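In what follows, a structure is listed as structure tokens, so that the remarks can point back to it.
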Amino acid sequence: MTDLTAPLLLSHRVDPALLGQASMEMQRDGVPGVALGVYHRGCVGTAGLGVTNVLHPRPVDGDTLFQIASITKTFTATALLQLAEQRRVNLDDPISAHLPEFTVADPEVSTSVTIRDCLTHSCGWEGDFFEDTGWGDDALAVMVGRMDKLVQVAPLGRIWSYNNAAFYPLGRILEVLHGRPYEDVLNKVLLAPLGMDGACFFAQDLLHRNFAVGHAERGGHTVIARPWAMPRCVNPSGGVIASAAHLMRYAQFLLEGAPVLGDALRLAAFEPAGPSTDTQTIGLGWWIDDISGERVVSHTGAANGQPCFFAMIPSRRFALAVLTNGANGWITAQRLLAWAMRTYFGLVTPEPRAQQLAAVDAWLGTYETRIERRVLRRQGEQLVLDQVPLKQWLDGLDPAALPQHGTEVKPIGPDAMLIAPGERAQRVGTVLRNSDGDIRWLRFNRRAALCK
């Protein structure tokens, strides 16, 4: 086990062994560029590998800007915790207490859903909701006004399922209570006070700087993923553009404290706060895992072709940011975190093992989200999964998402499965049951699909 403190204290550079591992992992996954940030006990190191863009390559470094996408949700959550500390909101306030016009398709949910329900992804309405409402300062207000079409796919507060749309009303509350657009709020209350100067939201703010573009794989070739920008109304859910160096300043605040938020609520964000029926739980805007008895607090981001990962081990005062610009970057990031935890702290996640279960035929069926159909079926003696896009998540997506058929699935527990077992893209899925014990949802990639 390596003592990470010494090399950072001496050089303020990322451990060469971690860089070597990152280089190997990104080559395996076909990722053009990776930026790394490491924080440990007050010491910071950043580095970059590869290029920003396969067509117009520039070297990636610790100051290269990436779309950190849904890691933004943790900033939105922190800004709301600031308001809670100031007693301007209570996390158990109904959304309608601050946005009287707020409504989704279910009238009861419209009046009773709380800030906490949205922060913990347990509001239950359709979450993959993206529309372009323009680039004016009213973009977010217009988007919240369009949420009246969102139907419930799960009962309020019953299960968690990753929900982008839950963060639109949260961002709108920040706008209303601060009296300014969301981007200005975040700059004033978090980005500027934390020294994250240069972190931004709009393409015009980075055209003169070194920034990454996303990439996808098609026919064995790496291609530019388009479009680059997401609609402005998505900013509270995924709009921050930042570097590994920026995220290290964020990590220092989260792990050590800063005047922007008192320690009580800062640390409360790392505690379980939402419903959970399996191993991964939810804090106030964060995902919480237990690895070898240590709490790991994290969030991912997935803009178009730019998967990013930010994780902390609070008890070790350790954080790792992995920003990538390739479609398989989520694999690179997860493997680097596992390597760092094992190498530096001896923390190892046990490999899930396939089991023979008699009841898996009860899992078979068709499950749908707003943008995807998942079919769990038998293919001979084998359990397989088909994934068919119903709608592209981003208008004008190029290259478009393609169907995936016949992905192997193996049971690993009474309601848990390995999808693509043994492959680098291996992930865990879970079937979720209603109060009567009937299977109603299939969740992986943190999204629960409703059984049809």
Open item on the list: Go through the stretch 303-326 and report how many residues are part of a strand (DSSP E or B) and within 21 Å of Phe201 (Cα to Cα).
Closed with: 10
Open item on the list: Suppose we keep only residues that are touching a Pro at 6+ places or on another chain (Cβ under 9 Å) and among the polar types (S, T, N, Q) within the stretch 350-397. Which one would you say is farthest from Arg226 (Cα to Cα)?
Closed with: Gln356
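Are any residues in the stretch 238-267 surrounded by fewer than 16 Cβ atoms within 10 Å (Cβ to Cβ) and not charged (D, E, K, R), and if so, which ones? Walk me through how you get there before you give the answer.
Quick first cut of the stretch 238-267, residues surrounded by fewer than 16 Cβ atoms within 10 Å (Cβ to Cβ) only: 256-257, 259, 262-264, 267.
Matches in the stretch 238-267: Gly257, Pro259, Gly262, Ala264, Leu267.
Would you point out the residue of the stretch 80-133, among those that are β-branched (Val, Ile, Thr) and in a loop (DSSP other than H, G, I, E, B), that is farthest from Gly262 (Cα to Cα)?
Quick first cut of the stretch 80-133, residues β-branched (Val, Ile, Thr) only: 89, 95, 103-104, 109, 111, 113-115, 120, 133.
Right, trim to in a loop (DSSP other than H, G, I, E, B) and you get 89, 103-104, 113, 120, 133.
Details: Val89: 16, Thr103: 33, Val104: 34, Val113: 26, Thr120: 21, Thr133: 35 Å.
The qualifying residue farthest from Gly262 (Cα to Cα) is Thr133.
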Open item on the list: Of all residues being under 18 Å from the mean Cα position of the chain (by Cα) and not in a helix (DSSP H, G or I) in the stretch 150-198, which is surrounded by the fewest Cβ atoms within 10 Å (Cβ to Cβ)? Just the residue, please.
Closed with: Tyr162
Open item on the list: Looking at the structure I just gave you, is Gly239 in contact (Cβ under 8 Å) with a residue 60 or more places away in the chain and of a type outside the set (Lys, Arg)?
Closed with: yes
Open item on the list: As an exercise: evaluate Val213 against (1) in a helix (DSSP H, G or I); (2) touching a residue at least 60 places away in the same chain (Cβ under 8 Å); (3) buried (at least 21 other Cβ atoms within 10 Å of the Cβ) and give the number of the one condition it does not meet.
Closed with: (1)
Open item on the list: closer than 21 Å to Val44 by Cβ, assigned by TED's automatic domain parsing to the domain that holds Phe167, under 19 Å from the mean Cα position of the chain (by Cα) and among the small types (Gly, Ala, Ser): which single residue out of Ala258, Ala251, Ala273, Ala269 fits that description?
Closed with: Ala251
TODO: Of the conditions (1) part of a helix (DSSP H, G or I); (2) out of contact with any His (no Cβ under 8 Å at 6 or more places or on another chain); (3) in contact (Cβ under 8 Å) with a residue 12 or more places away in the chain, Arg13 clears all except one; give me its number.
DONE: (1)
Task: Qualifying residue in the stretch 332-348 (condition: aromatic (Phe, Trp, Tyr), touching a Pro at 6+ places or on another chain (Cβ under 9 Å) and more than 30 Å from Gly305 (Cα to Cα)) - done: no
- [ ] Name every residue in the stretch 327-346 that is assigned to a loop (DSSP other than H, G, I, E, B) and either closer than 15 Å to Val428 by Cβ or assigned by TED's automatic domain parsing to the domain that holds Arg443 (or both), in order of residue number.
- [x] none
Open item on the list: Of all residues being among the aliphatic types (A, V, I, L, M) and surrounded by fewer than 19 Cβ atoms within 10 Å (Cβ to Cβ) in the stretch 52-83, which is farthest from Ser243 (Cα to Cα)? Just the residue, please.
Closed with: Leu55
Task: the stretch 350-394, subset touching a strand residue (DSSP E or B) at 6+ places or on another chain (Cβ under 7 Å), in contact (Cβ under 8 Å) with a residue 60 or more places away in the chain and assigned to a loop (DSSP other than H, G, I, E, B), residue surrounded by the fewest Cβ atoms within 10 Å (Cβ to Cβ) - done: Ala354
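Could we say that Gly413 is farther than 30 Å from Arg226 by Cα, in contact with a Cys (Cβ under 6 Å, 6 or more places away or on another chain) and surrounded by 14 or more Cβ atoms within 10 Å (Cβ to Cβ) here? Full working, then the answer.
Working: farther than 30 Å from Arg226 by Cα: yes; in contact with a Cys (Cβ under 6 Å, 6 or more places away or on another chain): no; surrounded by 14 or more Cβ atoms within 10 Å (Cβ to Cβ): yes.
For Gly413, the condition - farther than 30 Å from Arg226 by Cα, in contact with a Cys (Cβ under 6 Å, 6 or more places away or on another chain) and surrounded by 14 or more Cβ atoms within 10 Å (Cβ to Cβ) - is not met.
Taking the stated definitions as given, is Gly220 free of Cβ contacts under 8 Å to residues at least 24 places away in the same chain and on the phi > 0 side of the Ramachandran plot? Don't jump to the end; show me each part of the working.
On the way: free of Cβ contacts under 8 Å to residues at least 24 places away in the same chain: yes; on the phi > 0 side of the Ramachandran plot: yes.
The answer is yes for Gly220.
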TODO: Kindly list the number of the only condition in (1) modelled with pLDDT of 90 or more; (2) out of contact with any strand residue (DSSP E or B) (no Cβ under 9 Å at 6 or more places or on another chain) that fails for Thr407.
DONE: (2)
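The values are calculated or read from the model by the stated rules, or taken from the named source; none is laboratory data. Every value quoted in this text rests on a predicted model; they were computed, and no experiment measured them. All Cβ positions, glycine included, derive from the backbone under ideal geometry; neighbour counts span all protein chains shown.
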